[in-house]
1. Please specify each residue of the range 108-153 satisfying the condition of being in contact with a Phe, Trp or Tyr (Cβ under 6 Å, 6 or more places away or on another chain) and more than 24 Å from Gly184 (Cβ to Cβ).
2. I need the full set of residues from the range 251-264 which are in a strand (DSSP E or B) and either open to solvent by less than 30 Å² (accessible area, probe 1.4 Å) or in contact with a Phe, Trp or Tyr (Cβ under 6 Å, 6 or more places away or on another chain) (or both), in order please.
3. Residues of the range 154-196 being touching a helix residue (DSSP H, G or I) at 6+ places or on another chain (Cβ under 7 Å) and either surrounded by fewer than 21 Cβ atoms within 10 Å (Cβ to Cβ) or outside any loop (DSSP other than H, G, I, E, B) (or both), which ones?
4. Return the residue satisfying two criteria in turn: it lies in the range 333-362 and is polar (S, T, N, Q) and at pLDDT 85 or above, and of such residues it is least open to solvent (accessible area, probe 1.4 Å).
5. If you go through the range 94-107 one residue at a time, how many are of a type in the set (Ser, Thr, Tyr), open to solvent by 10 Å² or more (accessible area, probe 1.4 Å) and farther than 21 Å from Gly189 by Cα?
6. Kindly provide the set of residues from the range 320-350 that are polar (S, T, N, Q) and under 24 Å from Trp304 (Cβ atoms), ordered by number.
7. Based on this model, can you work out whether Gly106 counts as touching a residue at least 60 places away in the same chain (Cβ under 8 Å), closer than 22 Å to Val180 by Cβ and in contact with a strand residue (DSSP E or B) (Cβ under 9 Å, 6 or more places away or on another chain)?
8. Scan the range 173-216 for residues that are farther than 25 Å from Val134 by Cβ and among the hydrophobic types (A, V, I, L, M, F, W, C) and report the count.
Amino acid sequence: MRRYAGIVASAMLLTACGRAVGGSAPSTATLTPSPTLSPSPTPGPTVSPSATIPLASPTSSTSPASAGPWPRITNLVYDSTTDQVLLFGGMANGVGTMGDTWIWDGTGWHEAHPTAAPANRDGGALADDPAHHVVVLFGGGNHDDTWLWDGRTWNQALPAHSPSPRTAAAMTYDAVHHVVVLFGGQGGGGGTLGDTWTWDGTDWTERTPDSSPPARAYARLAFDAARGVTLLFGGDVMRLDDTWSWDGTSWTRLHPAHTPPAWDSATRFPQPMVYDSLRKVVMFVGPQWHTSSSTNNTMETWTWNGTDWTHQTPANSPPVRDGAGLVFDVRQGVTILGGGGSMGNGDSTSTWSWDGVNWTMAG
């Protein structure tokens, strides 16, 4: 199968300039192309894994609002310490892999200028770690490094143990056991992985459950707080459409009455899934190819209530795109979708919000 790092050809489908990302109302700012990126940043000083990561002022390292980071294929994460949405790196049209940091504060995007940052990459896994007041970044671009965002800058951790280099791993925070959970991904040799790791704020631990989901990359993973388990759905290697739960000790395959369709074989981008804490459901939205004609592609929204999957039928849906970032904005109470790559019948620069009933263009 194709590697995530080899998706530049698909990324070229992105439009040449982005729109400003909005919250609950469209931005009125004049739109300009995304800024030219500087060369790959040089990682700054590392910190001991046992060092205390300082808390940060949410806006002390950001520049004024700009046209935003789009278009690009990337992941998003909600930083519960600063109540902001965080974006790092990804892949953009005409630029390749990126290493910039952006913050969405509910009204606009601001580019941060940390004193240290990970090297440019795509396919990195991001997860909030509220127990340690940081966002965790692992891997991407076949790296095996761990970085911590404290709201002001990135600090590289130096754990005694670490997962192997990989891209397209799935990662989320387990609020019951207070650890970050990582599953699978695609290794440096191109093969898919099926290992489970947890991060406790200091070190990575490989878990060895009796049963485990088959190896895969680009799986969807989210912590279902209402049920107290980590939920995994699908992934790429064999058009997987299976559902699993992780209770902190073992994986259990679930057999719901309904299930979302497996991906089309052309999908090779991050496929995020989030927990909606207001409606107490896990949800995702993703592209589905119905025929060879791109005009028949659709964006499908699915929710999980702990027992079964439900295909939602909103009046409006975002234009069809792949590799979009998806994050539940706790402060705004909506799920935000941004970025991605166009699949032939829609733009990939508009931003949309999901309120549990309908999708609305937010910018």
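The values are calculated or read from the model by the stated rules, or taken from the named source; none is laboratory data. None of the values given here were measured: they were computed from a predicted structure. Cβ sites come from the backbone with ideal geometry, for glycine too, and all protein chains shown count toward neighbours. The area values use the complete protein model at the heavy-atom level, side chains included, leaving out ligands, DNA and RNA. Shrake-Rupley method; radii C 1.70, N 1.55, O 1.52, S 1.80 Å.
1. If the condition is that a residue be in contact with a Phe, Trp or Tyr (Cβ under 6 Å, 6 or more places away or on another chain) and more than 24 Å from Gly184 (Cβ to Cβ), then Trp109, Glu111, Pro114, Ala116, Ala117 are the ones that fit.
2. Applying the first criterion (in a strand (DSSP E or B)) to the range 251-264 yields 251-254.
Within the range 251-264, Trp251, Arg253 meet the criteria.
3. At the first step, the residues of the range 154-196 found to be touching a helix residue (DSSP H, G or I) at 6+ places or on another chain (Cβ under 7 Å) are 167-168, 186.
Residues satisfying the conditions are Thr167, Gln186.
4. Applying the first criterion (polar (S, T, N, Q)) to the range 333-362 yields 335, 342, 345, 348-351, 353, 358, 360.
Applying the additional criterion that residues be at pLDDT 85 or above yields 335, 353, 358, 360.
On the way: Thr335: 0, Ser353: 18, Asn358: 34, Thr360: 73 Å².
Step by step, filter the range 333-362, then rank; the result is Thr335.
5. Step one: list which residues in the range 94-107 are of a type in the set (Ser, Thr, Tyr), which gives 97, 101, 107.
Within this subset, residues satisfying the condition of being open to solvent by 10 Å² or more (accessible area, probe 1.4 Å) are 97, 107.
In the following step, the residues that additionally are farther than 21 Å from Gly189 by Cα were identified as 107.
The qualifying residues number 1.
6. Quick first cut of the range 320-350, residues polar (S, T, N, Q) only: 332, 335, 342, 345, 348-350.
Selection gives Gln332, Thr335.
7. Details: touching a residue at least 60 places away in the same chain (Cβ under 8 Å): yes; closer than 22 Å to Val180 by Cβ: no; in contact with a strand residue (DSSP E or B) (Cβ under 9 Å, 6 or more places away or on another chain): yes.
Against the criterion (touching a residue at least 60 places away in the same chain (Cβ under 8 Å), closer than 22 Å to Val180 by Cβ and in contact with a strand residue (DSSP E or B) (Cβ under 9 Å, 6 or more places away or on another chain)), Gly106 does not qualify.
8. Count: 1.
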